[in-house]
1. Of all residues in segment 33-55, count the ones that are under 24 Å from residue 68 (Cβ atoms) and either assigned to a loop (DSSP other than H, G, I, E, B) or touching a helix residue (DSSP H, G or I) at 6+ places or on another chain (Cβ under 7 Å) (or both).
2. What's the number of the only condition in (1) assigned to a helix (DSSP H, G or I); (2) open to solvent by 80 Å² or more (accessible area, probe 1.4 Å); (3) closer than 16 Å to residue 1 by Cβ; (4) among the polar types (S, T, N, Q) that residue 19 fails to meet?
3. Output the residues belonging to segment 24-35 that are over 12 Å from residue 1 (Cα atoms) and either charged (D, E, K, R) or open to solvent by 70 Å² or more (accessible area, probe 1.4 Å) (or both).
4. Being part of a strand (DSSP E or B) and touching a residue at least 24 places away in the same chain (Cβ under 8 Å) is the filter here; which residues of segment 1-16 pass it?
5. If I filter segment 36-44 for residues that are open to solvent by less than 100 Å² (accessible area, probe 1.4 Å) and among the charged types (D, E, K, R), do I get at least one hit?
Amino acid sequence: GIPVLEALRSGIPVAVANSSSLTEVGGDAVLYFNNQEELTELLKNAHQTTISVDKVQTQLAKFSPQALIAQLMGIYK
């Protein structure tokens, strides 16, 4: 998941397989594909696809140091 978060933080569009564990990391801020044909279409149309900055910021906030510390402290309690 770290490469996905790094790409989002850098403003790089991200596409991940819909069947992977990366759906949790990507949330609404990435593009998903189910098979090779869908990936091909995503890549062909990438210049026309946009994801709002708000969605990206919201997703990144879930993995901020503060959010991760709060989750970890919740586990210890």
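The values are calculated or read from the model by the stated rules, or taken from the named source; none is laboratory data. On a predicted model such as this, the values are computed, not experimentally measured, just so you know. Backbone-built Cβ (ideal geometry, glycine too); neighbour counts: all protein chains shown. Accessible surface is based on the protein model in full, side chains and every heavy atom, while ligands, DNA and RNA are left aside. Shrake-Rupley method; radii C 1.70, N 1.55, O 1.52, S 1.80 Å.
1. Step one: list which residues in segment 33-55 are under 24 Å from residue 68 (Cβ atoms), which gives 51-55.
Add one more test, that the residue is either assigned to a loop (DSSP other than H, G, I, E, B) or touching a helix residue (DSSP H, G or I) at 6+ places or on another chain (Cβ under 7 Å) (or both), and what stays is 51-52, 55.
Total meeting the criteria: 3.
2. Just one mismatch for residue 19, condition (1).
3. Within segment 24-35, 28, 34 meet the criteria.
4. Just the residues of segment 1-16 that are part of a strand (DSSP E or B), to begin with: 15-16.
Of everything in segment 1-16, just one residue is part of a strand (DSSP E or B) and touching a residue at least 24 places away in the same chain (Cβ under 8 Å), namely 15.
5. Going through segment 36-44, the residues open to solvent by less than 100 Å² (accessible area, probe 1.4 Å) turn out to be 38-42.
Then keep just the ones that are among the charged types (D, E, K, R); that gives 38, 41.
Checking segment 36-44: at least one residue is open to solvent by less than 100 Å² (accessible area, probe 1.4 Å) and among the charged types (D, E, K, R).
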